[in-house]
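See below for the structure under consideration.
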Amino acid sequence: MSIEVRVPTLGESVTEATVATWFKKPGDKVAADEMLCELETDKVTVEVPAPSAGTLGEIVAAEGETVGVDALLATLNEGAGAAPAPAQPAAEEKTGGGNVDVMVPTLGESVTEATVATWFKKVGDTVAQDEMLCELETDKVSVEVPAPASGTLTQIVAAEGSTVQANGKLAVIGGAGAATTPAPAASAAPAAAAEAPVASDRDVANAPSAEKLMAEKGLDPASVRGTGRDGRIMKEDVMRAAAAPAPVATAPASAPAAAPRAPVAAEDAEREERVKMTRLRQTIARRLKDAQNTAAILTTYNEVDMTEVMALRNQYKDEFEKKHGVRLGFMSFFTKACVHALKEVPEVNAEIDGTDIVYKNYVHMGIAAGTPQGLVVPVIRDADQMSFAGLEKAIAEKGRRARDGKLSMAEMQGGTFTISNGGVYGSLMSSPILNPPQSGILGMHKIQERPMVVNGQIVIRPMMYLALSYDHRIVDGKGAVTFLVRVKDALEDPRRLLMDL
């Protein structure tokens, strides 16, 4: 029997929240009332417990998505429940002498490695069972690793930034099997002496977002008063503590962590603001840098006279919108032109897999879109089989979902070629970076009137620079230039698109 996990009541006047962290992944067994995920609103952090024991089915609202009250978060298959401990079977390995190895948990289907993003604890810290030790990041999700037992963190094997394999060793906890009550008391009791001392329960572990923020700002948990259940430190508690003058005394203890940064004058530091990069921004940064490190990126340029496309669009835009219910823009023309060019130069639509070249006999077109959270690339699948109206509808719908933060991972994967339109921001010329593992990306730019020589006469024409960045390991200069010329020809004479020329 399937049970729906929905957004709980968030409080007076609060109508929506952001999914901050999923503690479980599809296929994990959960116990009744075990925490599944954490939501964040403008006011509080809200934990969502499992309504019953079972197995987590589908996650409907991914991390970073905005959800309303009573929105569907996930489904739970009832009847296969288990105690919380078995959810991370790979995280514990007895080594004798009271030591327990902390292992990389199961990362998900087809994911074989992860990067250690953040350690919430340091060597020598006392930890309670199920207290969050560190956070791992994969290309798809972030995974938090809880302590498999109570004790003292005696060794960190995989430091922040290192890559670990599935089932790899992360750390060692010594003194395992000791009473769990004293372990978190060191951090929970100073926060509020009158709070209940049973800090070994998972329910009173600090919010992961709070742990990260405290580590980032160099705050000792003992200096932060938790207002959550049983004294649990929430993200807003850390923000209040950071804004107060008292915690300044604890800053020198963590100052060495920020050593790589150049010294800043005190008066300048007071006017700075330090903000943690979002997971999306970190992923963008990592993927773009990986592309530069891996591919032999080269960019070639051309320019296109937009006169004919603009005239055709102006002639039919009203009739087009009346019939199809969507506006006729330039993106459908560029998508169609790229599809035709990709058929003639298939290596631009291919990718390298080891020592093989994988040619794609289809076009899944990525359309880069800027959002308040960062650049995302939703994919229009089988764009080569779509009409102008179908393309415009798909592009508009993906664009809306991107701006609303509703895109799923599936909607941003599988692209074979990408179009990026910097012209909407006023860019005149740029060199786009590849979206790996793709081998080509077309950069569109601002349409600007310039004097051009046509049939021996100087005339004013609406011109746009085009830039094709490509992986020179697979695409030769001849193929890149041919591709751009075919795109230019199709846009300067749109009738070629109808004739498949």
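The values are calculated or read from the model by the stated rules, or taken from the named source; none is laboratory data. Quick caveat: nothing in here was measured; it's all calculated off a predicted structure. Counting neighbours? That spans all protein chains shown, and the Cβs are built from the backbone with ideal geometry, glycine included.
For residue 486, are the conditions met, namely being of a type in the set (D, E, K, R), part of a helix (DSSP H, G or I) and under 27 Å from the mean Cα position of the chain (by Cα)? Walk me through how you get there before you give the answer.
On the way: of a type in the set (D, E, K, R): yes; part of a helix (DSSP H, G or I): yes; under 27 Å from the mean Cα position of the chain (by Cα): no.
For residue 486, the condition - of a type in the set (D, E, K, R), part of a helix (DSSP H, G or I) and under 27 Å from the mean Cα position of the chain (by Cα) - is not met.
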Exercise for review: Could you identify the single residue in 465, 470 that is in contact with an Asp or Glu (Cβ under 6 Å, 6 or more places away or on another chain), within 24 Å of residue 344 (Cβ to Cβ), assigned by TED's automatic domain parsing to the domain that holds residue 359 and not β-branched (Val, Ile, Thr)?
Suggested key: 465
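Could you go through the stretch 331-348 and let me know if any residue there is modelled with pLDDT under 90 and loosely packed, with under 15 Cβ neighbours inside 10 Å. Write out each step before concluding.
Step one: list which residues in the stretch 331-348 are modelled with pLDDT under 90, which gives none.
No; the residues of the stretch 331-348 include none that is modelled with pLDDT under 90 and loosely packed, with under 15 Cβ neighbours inside 10 Å.
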Point to revise | Condition broken by residue 111, with the remaining ones in (1) modelled with pLDDT of 85 or more; (2) aliphatic (A, V, I, L, M); (3) in contact with a Ser or Thr (Cβ under 6 Å, 6 or more places away or on another chain) satisfied | key: (1)
**Study point:** Residue tally, condition within 20 Å of residue 291 (Cα to Cα) and surrounded by fewer than 19 Cβ atoms within 10 Å (Cβ to Cβ), over the stretch 475-491
**Key:** 2
Review point. Got a number for residues in the stretch 228-285 being loosely packed, with under 11 Cβ neighbours inside 10 Å and modelled with pLDDT of 75 or more?
Key: 12
Exercise for review: Read through the list (1) under 26 Å from residue 278 (Cα atoms); (2) outside any loop (DSSP other than H, G, I, E, B); (3) basic (Lys, Arg), then give the number of the only condition that residue 393 fails.
Suggested key: (1)
**Study point:** Residue that is farthest from residue 372 (Cα to Cα), among those in the stretch 388-399 that are of a type in the set (A, V, I, L, M) and surrounded by 18 or more Cβ atoms within 10 Å (Cβ to Cβ)
**Key:** 391
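Residues in the stretch 296-306: is at least one of a type outside the set (Lys, Arg), assigned to a helix (DSSP H, G or I) and either surrounded by fewer than 16 Cβ atoms within 10 Å (Cβ to Cβ) or out of contact with any His (no Cβ under 9 Å at 6 or more places or on another chain) (or both)? Steps first, please.
Step one: filter the stretch 296-306 for residues of a type outside the set (Lys, Arg), giving 296-306.
When the remaining residues are screened for being assigned to a helix (DSSP H, G or I), the result is none.
No: the stretch 296-306 contains no residue that is of a type outside the set (Lys, Arg), assigned to a helix (DSSP H, G or I) and either surrounded by fewer than 16 Cβ atoms within 10 Å (Cβ to Cβ) or out of contact with any His (no Cβ under 9 Å at 6 or more places or on another chain) (or both).
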**Study point:** Matching residues, the stretch 46-66, being part of a strand (DSSP E or B) and over 13 Å from residue 23 (Cβ atoms)
**Key:** 46, 54, 55, 57, 58, 66
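Taking the stated definitions as given, is residue 75 surrounded by 15 or more Cβ atoms within 10 Å (Cβ to Cβ) and either modelled with pLDDT under 85 or under 30 Å from residue 374 (Cβ atoms) (or both)?
Working: surrounded by 15 or more Cβ atoms within 10 Å (Cβ to Cβ): yes; either modelled with pLDDT under 85 or under 30 Å from residue 374 (Cβ atoms) (or both): yes.
It is true that residue 75 is surrounded by 15 or more Cβ atoms within 10 Å (Cβ to Cβ) and either modelled with pLDDT under 85 or under 30 Å from residue 374 (Cβ atoms) (or both).
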Exercise for review: Output the residues belonging to the stretch 113-161 that are more than 30 Å from residue 414 (Cα to Cα) and among the hydroxyl-bearing types (Ser, Thr, Tyr).
Suggested key: 126, 150, 152, 154
Check your understanding: What are the residue pairs meeting all of these: first residue in the stretch 400-412, first residue surrounded by 16 or more Cβ atoms within 10 Å (Cβ to Cβ), second residue hydroxyl-bearing (Ser, Thr, Tyr) and at pLDDT 75 or above, Cβ atoms under 6 Å, and 6 or more apart or on different chains?
Key -> 402/371; 405/66
Practice item. Could you check, for the stretch 364-380, whether at least one of its residues is surrounded by 16 or more Cβ atoms within 10 Å (Cβ to Cβ), without any contact (Cβ under 8 Å) to a residue 40 or more places away in the chain and not in a strand (DSSP E or B)? Key: yes
Exercise for review: Select, from 427, 408, 420, the only residue that is in the same structural domain as residue 484 (by TED's automatic domain parsing) and at pLDDT 90 or above.
Suggested key: 420
Study note, to complete from the structure: When residue 354 is run through (1) touching a residue at least 24 places away in the same chain (Cβ under 8 Å); (2) at positive phi; (3) of a type in the set (Gly, Ala, Ser), the failure sits at (1)
